[in-house]
Amino acid sequence: MTLPLLYVCVRPQQGAAAAEYASFRTATKLDESRLAQHDLVRDPLPGDVFERYGGFLIGGSPFNVADPESTKTDVQRRLEADLERIAGHVAAVAEPAGSTTAGSGPAAMFTCYGIGIVTRLLGGEVSRAYPEDTGPVTVELTADGQSDPLFGGLATRFTTLTAHKEGAGDPPPGATLLARNDSCPVQAYRVGDRLYATQFHPEPTARAFTERMAVYRDDGYFDARDYDSIAGRVLAASVTEPARLLRAFARAFGPAD
């Protein structure tokens, strides 16, 4: 039997974390027995985590990778080390891009804050030079994205949701760029055959995203006075493709239906 997947929570706000987990379950169409959850903010990564789970879905966070280490809390530093442990393990078991042999071991998809963890671990640069406003954006698949096992089933151009203060201008060494746009050139990449990272949020519906916006309306992602107008743009957007990406990940690496 294929092992369950694990949603890894990196949000201190428990209400937002619970809603994010629900969004991942809805998008992947996995119930709680097939998509478990672990609150990494409050509990370190278990020692046997790679034996218990077939893959990992890492959610977003108000933390920023590019912040000076001196400003980070002990919790953030410990949490980032645990995320690097996941990324490093998955990268180590993955087969190189173009290999004719499928890799074995767990897979992972790091989203939003998580892409910065993977980029830094692999020697790339994460900075405040590529933020994106809260709301819908259009991303475009690269040629490699169009032939990717997961991204290749999506529309070549699609709308997704973003809200981030940092990003990268280039994928890290060894990564294959899968999606981009003008404001943030690295929207998604793959390392080997089973480590994925997205700058955008693939899991929320438009409604769920506006509810998350309400939690973070005073955290500097947007002017709180503009909440209603931004929420209106979000609710008017069609964001069907990102959820299809997560469903493809679940089919490829998760437990059978």
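In table form, for the structure just shown:
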| read-out | value |
| --- | --- |
| Scan of the stretch 7-24 for residues that are surrounded by fewer than 19 Cβ atoms within 10 Å (Cβ to Cβ) and not small (Gly, Ala, Ser), ordered by number | Pro12, Gln13, Gln14 |
| Options Arg190, Arg180: the member that is of a type in the set (D, E, K, R), farther than 16 Å from Ala108 by Cα and modelled with pLDDT of 95 or more | Arg180 |
| Those residues of the stretch 130-165 which are of a type in the set (Asp, Glu), within 19 Å of Ala66 (Cα to Cα) and in contact with a strand residue (DSSP E or B) (Cβ under 6 Å, 6 or more places away or on another chain), in sequence order | Glu132 |
| Residue tally, condition small (Gly, Ala, Ser) and under 15 Å from the mean Cα position of the chain (by Cα), over the stretch 152-208 | 6 |
| Which numbered condition Asp74 misses (of (1) closer than 28 Å to Cys184 by Cβ; (2) free of Cβ contacts under 8 Å to residues at least 24 places away in the same chain) | (1) |
| The listed residue being farther than 19 Å from Glu20 by Cα, touching a residue at least 12 places away in the same chain (Cβ under 8 Å) and surrounded by fewer than 18 Cβ atoms within 10 Å (Cβ to Cβ), out of Ala188, Ala252, Ala179, Ala214 | Ala252 |
| Looking only at the stretch 217-238, and only at residues there that are within 22 Å of the chain's Cα centre (by Cα) and hydroxyl-bearing (Ser, Thr, Tyr), the one that is surrounded by the fewest Cβ atoms within 10 Å (Cβ to Cβ) | Ser238 |
| Contacts under 8 angstrom Cβ, first residue in the stretch 113-129 being closer than 9 Å to Ala66 by Cβ and buried (at least 21 other Cβ atoms within 10 Å of the Cβ), partner modelled with pLDDT of 95 or more and of a type in the set (Ser, Thr, Tyr), 6 or more apart | Val126/Thr119 |
| Subset tally (residues that are out of contact with any Asp or Glu (no Cβ under 7 Å at 6 or more places or on another chain) and either touching a residue at least 40 places away in the same chain (Cβ under 8 Å) or of a type in the set (S, T, N, Q) (or both)) for the stretch 77-96 | 10 |
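The values are calculated or read from the model by the stated rules, or taken from the named source; none is laboratory data. All values reported here derive from a predicted model rather than from experimental measurement. Counting neighbours? That spans all protein chains shown, and the Cβs are built from the backbone with ideal geometry, glycine included.
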